[in-house]
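Quick note: the coordinates plus some simple rules give every number you see, no bench work behind them. Please read these numbers as outputs of a predicted model, since none were measured by experiment. Cβ sites come from the backbone with ideal geometry, for glycine too, and all protein chains shown count toward neighbours.
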Amino acid sequence: MTGSTRRLYISATRKSSGKTCIAIGLLRALWKQCDIRTQPFKKGPDYIDPDWLGLAAERLCFNLDFNTQNPEEIRQLSDRILDGDSLALIEGTKGLFDGVSEDGSDSNAALAKLIQAPVVLVLDCEGMTRGIAPLVQGYQQFDSELQWAGAILNRTGGSRHEAKLVQALEQHTDLPVLGVVGNSSEMQLPERHLGLITASEYEEADTLIEAMGRCIADGVDLGRVLEQADGPEASTRVCPETPAPDIRIGYARDSAFGFYYADDVEQFQQLGTELIPLETMRDRKLPEVDGLWIGGGFPETHAAQLAANTHLKDALRERINAGLPTYAECGGLMYLSRSLTWQSETHEMVGIIPGDCVMDERPQGRGLAQLEATADFPWPGVPAGTVSPAHEFHYSRMENLDPNLKWGWNVRRGVGIVDGKDGLVLGNLFASYTHLRHTQRFEWVRWFVQFVREHARQ
């Protein structure tokens, strides 16, 4: 099926302008007020914002990322709209023209143009009045190829402030004002040491999203927002037939471990894998599985509960030592270490990895990464020298590591575990700080599934 799929790109002039809250509120308001179910997307490598956006829309949120995807792959993914949906909403990152490349080729503006999505510019108006006009003029003139939907004025300080802002924009620009959102405690997401709390951890998440939806419905002209949405002809998403699974892979899925890309999870299923959720703080034994996947998350905030579940730790240690194919990323690496220290407290972890994990107050690895496979890379189909894009974001570091370890990755860009190395190889365990994503540039899920399948046949 094909049809006209309208799109909106939610961006801002800088980070911390409130665009995530605006996007969440729009998703819920369009659903509840206009009966329009919207497919959410998020630019770049990110796990937490997609968690909130997905909950707001009750749809899986997919990432559009220049680092791991080629342009055609991004276009194809942005066309994946569920039957019955007619709108895609994409939330950007940082400012509209910000990115890693100096030429702006990986910026929000570049992505909006690539997928032909009109831009809604979220403007943090705190402390501004007439000065908002030259700011918007500059943004409009900087790239004449952008398609504009309008502006949403955020964090305004009352009716007089709002009137001055609207007057300045109407008098000096042609950018439509789609709505005004005042300063409100209901338009704030809960935070902690590493940023936002994930929606899956926050018990009042849906209540907060409902409140955000009401704020947006009260302050934003939803009908006008929909009028400004536009986009190319797009294919209605058709889910490929999933083959009958012939292997079972357990994956840690709870408030301690939740950093998984939606399309990576789908890829496992499309490759004939049954994914078995594992709750690391509740389950006392490991289910019968052929492999194990432990993604990122926040094990430090759950360290006491993780340490207390000695039955599962013993089961994991026994099975992994016996050769269970296992892939652990960041939080998974921390969980499998000997111990985890944070805020002057140390807790015993699983103890497979011969090293201790220590949380720091400053980031130890942050940003885009590039990895090169070594001769010890454990999965079939990945020869030495193969390069993979990745990303990392961790405040922890590994200490007291056994010096006689094998490494699957040389870190060409980034930090990794130690001395430019990442991807610790211990038997059939592969553990790293960097996060992978299955795309055409590096099909990690396919190779890991092949590794698990070959081991299961043996």
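Taking every Cα-Cα distance in the chain and sorting them into 10 Å bins starting at zero, the pair-distance distribution P(r) comes out as 4, 20, 29, 25, 15, 6, 1, 0 percent. Here the translational diffusion coefficient of segment 247-457 follows from Stokes-Einstein with Rh set to the Kirkwood radius across Cα pairs; for 4 °C and 1.567 mPa s it amounts to 77 µm²/s. The Cα trace of segment 281-322 gives Rg and Dmax of 10.8, 29 Å, the first to one decimal, the second as a whole number.
Here segment 75-131 is described by how far its Cα atoms reach on the three principal axes: 44, 29, 14 Å, from widest to narrowest.
Start at zero, step by 5 Å, and the Cα-Cα distances of segment 129-244 spread as 2, 9, 14, 14, 15, 14, 14, 10, 4, 2, 1, 1, 0 percent across the bins. The alpha carbon convex hull volume per residue for segment 38-101 rounds to 89 Å³. Taking the centroid of alpha carbons for each part, segment 392-421 and segment 135-178 are 46 Å apart.
The calculated FRET efficiency for E399 paired with N183, based on their beta-carbon distance and R0 = 56 Å, is about 0.80. First obtain the Kirkwood hydrodynamic radius of segment 2-235 from its Cα pairs, then insert it into the Stokes-Einstein equation at 4 °C and 1.567 mPa s, and state the resulting D in µm² per second as a whole number. In µm²/s, the coefficient rounds to 73. Counted residue by residue at 0.36 nm each, then reduced by the alpha carbon distance between them, the extension gain from Q76 to E191 reaches 38.1 nm. Of the residues H161, G131, W407, the one whose Cα sits farthest towards the positive end of the charge dipole of the chain is G131 (charges of +1 on Lys and Arg Cβ, -1 on Asp and Glu Cβ, taken about the Cα centre). Summing Cβ point charges (Lys, Arg +1; Asp, Glu -1) relative to the Cα centre of the chain gives a dipole of roughly 240 debye.
Put simply, when 117-125, 94-102, 328-336, 254-262 are sorted by average Cβ atoms within 10 angstrom per residue, most first, you get 328-336, 117-125, 254-262, 94-102.
All other residues with a Cβ under 14 Å from the Cβ of G408 taken together, and with Lys, Arg as +1 and Asp, Glu as -1, what is their net charge?
Residues close to G408 contribute a combined charge of -1.
Helix 159-172: angle to the longest alpha-carbon principal axis of the chain, degrees 0 to 90, nearest 10? Around 80 degrees separate the two axes. Sum -39500 (n - 2.57) across every DSSP H segment of at least 4 residues in the chain, then divide by the residue count to get the 222 nm mean residue ellipticity, nearest 500. Mean residue ellipticity, 222 nm, calculated: -9000 deg cm²/dmol.
The shape of segment 177-324 can be summarised by an equivalent ellipsoid whose semi-axes, obtained from the alpha carbon gyration tensor, come to 39, 25, 10 Å from longest to shortest.
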